[in-house]
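So that we are looking at the same thing, I have put the structure below in structure tokens.
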Amino acid sequence: MLPISTYRLQFRGAMDFSRASRLVPYLKRLGISHLYASPIFSAATGSTHGYDVVDHNQIDPALGGREGFDRLSRALKASGLGLILDIVPNHMAASTENAWWLDVLTWGKDSRFASHFDIDWHDKLTLPILGKPLAEVLSAGELKLDLGRPDGVPALAYFDHVLPLHPPSVRLLEGVGVRNTLRPHRELLERLLDAQPWQLLPWQDARRHLSYRRFFEISSLVGVRVEVPEVYSDVHRLTLELIRNGQVHGLRVDHVDGLTDPAAYLRRLRHDIGPDVHLVVEKIFDRGETLPLDWPVDGTTGYEFIDAAVDLLVCPAGAAKLAETYRAVSARPRDLEAERRAAKHQLLRVNFATELSRLVQLACEALPWLDPEDVETVIVELVCALPVYRTYGDSSGLSARDREVLELAAKTPRAAGLRGIDAVLELVAAPDSHFRIKFQQLSGPVMAKSVEDTLFYRFNALLALNEVGGDPARPVGSVERFHAAMKARQATQPAGLVATSTHDTKRGEDARARLYALAEAPGMWAAAVERWRSLNAGSVRALPDGPAPEPETEWLIYQVLAGVWPAGLSSEDRPGLATVEARFLAYLEKAMREAKLRTSWGEVDAGYEAAVAAYAKVLFAPGRSSFLSDFAATLAPILEAGAINSLVQTLAKLTVPGIPDIYQGSELMDLSLVDPDNRRDLDFPAANQGLSVNLPYPQGLADGRLKQRLIAQILAFRTWHHDLFEHGSYEPLAVVGRRAGNLAAFVRGDRSATVAIVLPRLVLGVRAGDTEYWKGTRVTLPEAAAWKNVLTGDRLAPETAADAAVLAGNFFPMAVLLAERSTTPAG
């Protein structure tokens, strides 16, 4: 049986198996069918997320180990809940806590685990762990011998890094006593280093010289070769055991695009887990992509719904006006396609220079008549023009669709006619091409880092559009496009997850829903930002390279603050303001560095960052009550409209094709920022207590309790009508009348039942219960004897059920209408 709903828990920090076990009754009350767990296998010490696995075959003792996991498993089973695990086949921690990696450090390419990792053994294994050049490290005496380790293996120590010596090199230590281990002679250290299968580098050099495939730009995560049968078996041994003994009922595959051959991997995994285990993949679509037909999966983790919600909830004209105003405010040119291409160029030639260099080398080995500079230019322009994250060629070459995608990239103005481009295209398409493998494994990270982690921090017109799976360059606000996307979901992945928040989203779902409302009042927002900029102009610092913050960063600051601002927070609430300030400043530092314009993670401009932070701090200062009061008053109608948007988004998620996924805490008001803010500890006892309060609409709107009630109500309804939501069709319903643009509606139906969903949209400034506003607007419902509004319990005649003014009642025309089917009289 497929999941009815999933609830994502982020293990580590305050969340372990014992605490998760205590949450099971709450999840059951909420209506959850499956707990969806972040990675639980042993990770590097102090890991905050679990994606830095050190042992795929041990459940992390930091979480409670196997015993704690078994207790959680029993608690879930007793309550009738299943378990979905997030697994990480693409990479592991490049840490000596990882026994496989430690063995590789010890024995180099002779290690029995050398083939487990994606290492280029044409060179020594590079270890980019130094804080400065090796010569300076040696001169400072920071590299030390360690001959007294418990395992008896001599090692070199660099602060917290302890690196085993290659056993044949130990003979160099003959005559070296323990007293010489703290500050050994430099000559001895240099001889020892020369004798190792690895070499030490400053961490900054990883972007230019690295001998192993890493996860994105993270050199502490090394690629794993699960395409090798023995490696696959070693990585999945415990996972498959947990599935076979009935403790795990589904899997989420992390970063499937990083694998050499995703389709082949998924075919083997499906064979091993069987047809009934729910299987989804983390996959981001772009520009019309859909799931490859040869992937035996139930769907994705659901980023596509976040993008589709933009069409449901954003005013197109207002979004365009905000973008126009932002471009006028910004000191930089704002051609989004040019900005995207520039970000890709920067990432390829700087952050991923080592991967680019390896690709050029592979191409030149296969095509020796080409000039390396020409080859590099071709690769850069192809990757920059690629409209999707990657192609999926395998040992037989490229599919017709992938070849078409590449050829389109090759025909873009900057790529067309480049010397050597046809030869490089053929190299990508060729069977058994190692170049193609590396090309495909690079284009995805470049797309992700240049768009999600660069462009999304550079173009700040409407931040809610800058979300994983989204594209701020595409038109928004088309209900027809929303319906088309949902029909496509029903056809391609009816059992995929439907997400509104994840551990990777840039901001919480309620912050996004609130910011959507800005597009309904672009003039008001632009005037407010200009007013606040003028009020705080004295806090802008003039630096040699320009003002800090620059106008576009001021725009960012006020919009981020609008998204994170708690309802009811006043200028006199100093503890509350301090909490928001701390979270806001942490986000601002990350945003500046991700933008990679005047500062970055690799090259920090401390002066610029300090100036921007000082500006932000002034906004919260005790003497700024006039700004804070103005800000809160301006935001008040936006907060209310945002809360309505959140309910609409939630109801849509719960009823469109797919399995609704709830990220921890987002069943209440989720105003979180990008990680690590969205992994903060949550008050689950308060959440549980909220389920005991039966709130009438619109009570509980501002703090999320109404949203929580809606989730519990509809998940119970889904449980009763499981077949309808698992297999039922999806069809748009026409809306007519003067407020037709303010409603969207659709119907789900099968032989067992028919249910119509009515959703209000673009309601900034509309009062709850304003039936006059909705008069003359009707939904064209299917034929039925009568309808029951599941949300209110009201039984409605067909003519009243279709009337938006009737459905509005004392709230808004948001309804879940269950058809009562007519019976044919006998005779």
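The values are calculated or read from the model by the stated rules, or taken from the named source; none is laboratory data. Every value quoted in this text rests on a predicted model; they were computed, and no experiment measured them. All Cβ positions, even for glycine, are placed from backbone atoms using ideal geometry, and neighbour counts span all protein chains on display. For accessibility, only protein heavy atoms count, side chains too; no ligands or nucleic acids. Shrake-Rupley method; radii C 1.70, N 1.55, O 1.52, S 1.80 Å.
Working only within segment 259-273, note down all residues that are in contact with a helix residue (DSSP H, G or I) (Cβ under 7 Å, 6 or more places away or on another chain), open to solvent by less than 10 Å² (accessible area, probe 1.4 Å) and of a type in the set (A, V, I, L, M, F, W, C). Quick ask: steps written out before the conclusion?
Going residue by residue through segment 259-273, those that are in contact with a helix residue (DSSP H, G or I) (Cβ under 7 Å, 6 or more places away or on another chain) are 259-260, 262, 268, 272-273.
Within this subset, residues satisfying the condition of being open to solvent by less than 10 Å² (accessible area, probe 1.4 Å) are 259, 262.
Scanning segment 259-273 gives a single hit, 259.
Go through (1) out of contact with any Phe, Trp or Tyr (no Cβ under 6 Å at 6 or more places or on another chain); (2) within 30 Å of residue 489 (Cα to Cα); (3) of a type in the set (A, V, I, L, M, F, W, C) one by one and return the number of the condition residue 518 breaks.
Against the list (1) out of contact with any Phe, Trp or Tyr (no Cβ under 6 Å at 6 or more places or on another chain); (2) within 30 Å of residue 489 (Cα to Cα); (3) of a type in the set (A, V, I, L, M, F, W, C), residue 518 comes up short only on (1).
Follow-up. As an exercise: evaluate residue 96 against (1) open to solvent by 40 Å² or more (accessible area, probe 1.4 Å); (2) part of a helix (DSSP H, G or I); (3) touching a residue at least 40 places away in the same chain (Cβ under 8 Å); (4) not aromatic (Phe, Trp, Tyr) and give the number of the one condition it does not meet.
Residue 96 satisfies all of (1) open to solvent by 40 Å² or more (accessible area, probe 1.4 Å); (2) part of a helix (DSSP H, G or I); (3) touching a residue at least 40 places away in the same chain (Cβ under 8 Å); (4) not aromatic (Phe, Trp, Tyr) except (2).
Would it be correct to say that residue 90 is more than 23 Å from residue 191 (Cβ to Cβ) and touching a residue at least 60 places away in the same chain (Cβ under 8 Å)? Give the steps one after another, and end with the answer.
On the way: more than 23 Å from residue 191 (Cβ to Cβ): yes; touching a residue at least 60 places away in the same chain (Cβ under 8 Å): yes.
Here the answer is yes, as residue 90 does meet what is asked.
Any chance you could count how many residues in segment 553-599 are among the acidic types (Asp, Glu) and modelled with pLDDT of 95 or more? Full working, then the answer.
Restricting attention to segment 553-599, the residues satisfying the condition of being among the acidic types (Asp, Glu) are 554, 572-573, 581, 589, 594.
With modelled with pLDDT of 95 or more added as a condition, the list becomes 554, 581, 589, 594.
Within segment 553-599, residues that are among the acidic types (Asp, Glu) and modelled with pLDDT of 95 or more number 4.
With respect to residue 164, determine if the residue is open to solvent by less than 50 Å² (accessible area, probe 1.4 Å), more than 30 Å from residue 445 (Cα to Cα) and touching a Ser or Thr at 6+ places or on another chain (Cβ under 7 Å).
Details: open to solvent by less than 50 Å² (accessible area, probe 1.4 Å): yes; more than 30 Å from residue 445 (Cα to Cα): yes; touching a Ser or Thr at 6+ places or on another chain (Cβ under 7 Å): yes.
In short, yes.
Give the number of residues within segment 138-147 that are more than 17 Å from residue 167 (Cβ to Cβ), outside any strand (DSSP E or B) and open to solvent by 30 Å² or more (accessible area, probe 1.4 Å).
Going through segment 138-147, the residues more than 17 Å from residue 167 (Cβ to Cβ) turn out to be 138-144.
Cutting the leftovers down to outside any strand (DSSP E or B) gives us 138-142.
Keeping just the survivors that are open to solvent by 30 Å² or more (accessible area, probe 1.4 Å) gives 139-140, 142.
Number satisfying all stated conditions: 3.
Can you pull out the residues in segment 250-303 that are at pLDDT 95 or above, among the hydrophobic types (A, V, I, L, M, F, W, C) and under 23 Å from residue 727 (Cβ atoms)?
251, 273, 277, 279, 280, 281, 295, 297
For segment 768-779, state whether one or more residues are in contact (Cβ under 8 Å) with a residue 60 or more places away in the chain, under 22 Å from residue 650 (Cα atoms) and assigned to a strand (DSSP E or B).
Of segment 768-779, the ones in contact (Cβ under 8 Å) with a residue 60 or more places away in the chain are 768.
With under 22 Å from residue 650 (Cα atoms) added as a condition, the list becomes 768.
Still in the list and also assigned to a strand (DSSP E or B): none.
The answer is no; no qualifying residue exists.
Still on this structure, please answer the following. What pairs come out if I take residues in segment 750-764 that are closer than 29 Å to residue 513 by Cα and pair them with residues that are open to solvent by less than 10 Å² (accessible area, probe 1.4 Å) and among the charged types (D, E, K, R) whose C-beta lies under 6 Å away, six or more apart or interchain?
Here the result reads 755/748, each pair linking segment 750-764 to a residue that is open to solvent by less than 10 Å² (accessible area, probe 1.4 Å) and among the charged types (D, E, K, R).
Cβ contacts < 6 Å: first residue over 11 Å from residue 708 (Cα atoms), restricted to segment 674-692; second residue in a helix (DSSP H, G or I), any location; separation 6+ or different chain. Result?
The qualifying pairs are 677/583; 684/23.
Got at least one residue in segment 522-531 being farther than 30 Å from residue 309 by Cα and surrounded by fewer than 19 Cβ atoms within 10 Å (Cβ to Cβ)? Write out each step before concluding.
Applying the first criterion (farther than 30 Å from residue 309 by Cα) to segment 522-531 yields 531.
Narrowing further to those that are surrounded by fewer than 19 Cβ atoms within 10 Å (Cβ to Cβ): 531.
The answer is yes, given that some residue of segment 522-531 is farther than 30 Å from residue 309 by Cα and surrounded by fewer than 19 Cβ atoms within 10 Å (Cβ to Cβ).
Starting from residues that are in contact with a helix residue (DSSP H, G or I) (Cβ under 6 Å, 6 or more places away or on another chain) and under 20 Å from residue 810 (Cα atoms), keep the ones in segment 744-757 and report whichever is surrounded by the fewest Cβ atoms within 10 Å (Cβ to Cβ).
The extreme case among them is 757.
Checking residue 626 against (1) surrounded by 19 or more Cβ atoms within 10 Å (Cβ to Cβ); (2) modelled with pLDDT under 95, which single condition isn't satisfied?
Residue 626 satisfies every listed condition except (1).
Say whether the condition of being without any contact (Cβ under 8 Å) to a residue 12 or more places away in the chain and of a type outside the set (Gly, Ala, Ser) is met by at least one residue in segment 296-314.
No, because not a single residue in segment 296-314 is without any contact (Cβ under 8 Å) to a residue 12 or more places away in the chain and of a type outside the set (Gly, Ala, Ser).
Mind checking whether some residue in segment 690-697 is part of a loop (DSSP other than H, G, I, E, B), among the hydroxyl-bearing types (Ser, Thr, Tyr), open to solvent by 20 Å² or more (accessible area, probe 1.4 Å) and out of contact with any Lys or Arg (no Cβ under 7 Å at 6 or more places or on another chain)?
We begin by selecting, within segment 690-697, every residue part of a loop (DSSP other than H, G, I, E, B); these are 691-697.
Those still in the list that are among the hydroxyl-bearing types (Ser, Thr, Tyr) too: 692, 697.
Then drop every residue that is not open to solvent by 20 Å² or more (accessible area, probe 1.4 Å), which leaves 692, 697.
Right, trim to out of contact with any Lys or Arg (no Cβ under 7 Å at 6 or more places or on another chain) and you get 692, 697.
The answer is yes; a qualifying residue exists.
Whether any residue in segment 532-547 is touching a residue at least 24 places away in the same chain (Cβ under 8 Å), more than 24 Å from residue 299 (Cβ to Cβ) and in contact with a Lys or Arg (Cβ under 7 Å, 6 or more places away or on another chain) is what I want to check.
yes
Which numbered condition in (1) crowded, with 16+ Cβ neighbours inside 10 Å; (2) farther than 30 Å from residue 248 by Cα is the only one that residue 89 fails?
So the condition that residue 89 fails would be (2).
Within segment 365-394, work out how many residues are touching a residue at least 24 places away in the same chain (Cβ under 8 Å) and within 11 Å of residue 419 (Cβ to Cβ). Talk me through it step by step, then tell me what you get.
Filtering segment 365-394 for residues touching a residue at least 24 places away in the same chain (Cβ under 8 Å) gives 366-367, 370-371, 374-375, 377-394.
The next check asks that each one be within 11 Å of residue 419 (Cβ to Cβ); those that pass are 370-371, 374-375, 377-378.
Looking only at that region, the number is 6.
Yes or no, residue by residue, for (1) more than 24 Å from residue 452 (Cα to Cα); (2) of a type in the set (Gly, Ala, Ser):
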position	(1), (2)
350	no, no
360	yes, no
363	yes, yes
366	yes, yes
369	yes, no
374	yes, no
381	no, no
386	no, no
394	yes, no
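Out of the residues in segment 710-757 that are closer than 14 Å to residue 779 by Cβ and of a type in the set (S, T, N, Q), which is farthest from the chain's Cα centre (by Cα)?
754
Is it the case that some residue within segment 762-784 is closer than 28 Å to residue 27 by Cβ, surrounded by 15 or more Cβ atoms within 10 Å (Cβ to Cβ) and of a type outside the set (Asp, Glu)? Outline the logic, then answer.
Step one: list which residues in segment 762-784 are closer than 28 Å to residue 27 by Cβ, which gives none.
Checked segment 762-784: no residue is closer than 28 Å to residue 27 by Cβ, surrounded by 15 or more Cβ atoms within 10 Å (Cβ to Cβ) and of a type outside the set (Asp, Glu).
Residue 479: of a type outside the set (Lys, Arg) and within 17 Å of residue 305 (Cβ to Cβ), yes or no? Don't jump to the end; show me each part of the working.
Values: of a type outside the set (Lys, Arg): yes; within 17 Å of residue 305 (Cβ to Cβ): yes.
Judged against the criteria, residue 479 is a match.
A follow-up question, please. Quick check on my filter: what residues within segment 705-742 are open to solvent by 10 Å² or more (accessible area, probe 1.4 Å), assigned to a loop (DSSP other than H, G, I, E, B) and not charged (D, E, K, R)?
Within segment 705-742, 721, 733, 734, 737 meet the criteria.
Step by step: first the residues of segment 240-254, then only those that are closer than 17 Å to residue 271 by Cβ and not hydrophobic (A, V, I, L, M, F, W, C), then the one that is least open to solvent (accessible area, probe 1.4 Å). Which residue is that?
Per the stated criteria, the residue is 250.
Tell me which residues, restricted to segment 11-43, are free of Cβ contacts under 8 Å to residues at least 60 places away in the same chain, in a loop (DSSP other than H, G, I, E, B) and open to solvent by 10 Å² or more (accessible area, probe 1.4 Å).
Within segment 11-43, 16 is the sole residue that qualifies.
Which members of segment 431-460 meet the condition of being open to solvent by 30 Å² or more (accessible area, probe 1.4 Å) and aliphatic (A, V, I, L, M)?
Answer for segment 431-460, where residues must be open to solvent by 30 Å² or more (accessible area, probe 1.4 Å) and aliphatic (A, V, I, L, M): just 437.
Still on this structure, I have one more. For segment 129-144, what are the residues that are touching a residue at least 40 places away in the same chain (Cβ under 8 Å) and either at positive phi or of a type outside the set (Gly, Ala, Ser) (or both)?
Once the filter is applied, which keeps residues that are touching a residue at least 40 places away in the same chain (Cβ under 8 Å) and either at positive phi or of a type outside the set (Gly, Ala, Ser) (or both), segment 129-144 yields 129, 130, 132, 133, 134, 137, 138, 141, 143, 144.
If a residue counts only when it is farther than 17 Å from residue 617 by Cα and in contact with a Gly (Cβ under 6 Å, 6 or more places away or on another chain), which helices (runs of 4 or more DSSP H) contained entirely in segment 492-591 have at least 2 such residues? Walk me through how you get there before you give the answer.
Working: elements: 509-516, 522-535, 551-564.
Hits in segment 492-591: 509-516.
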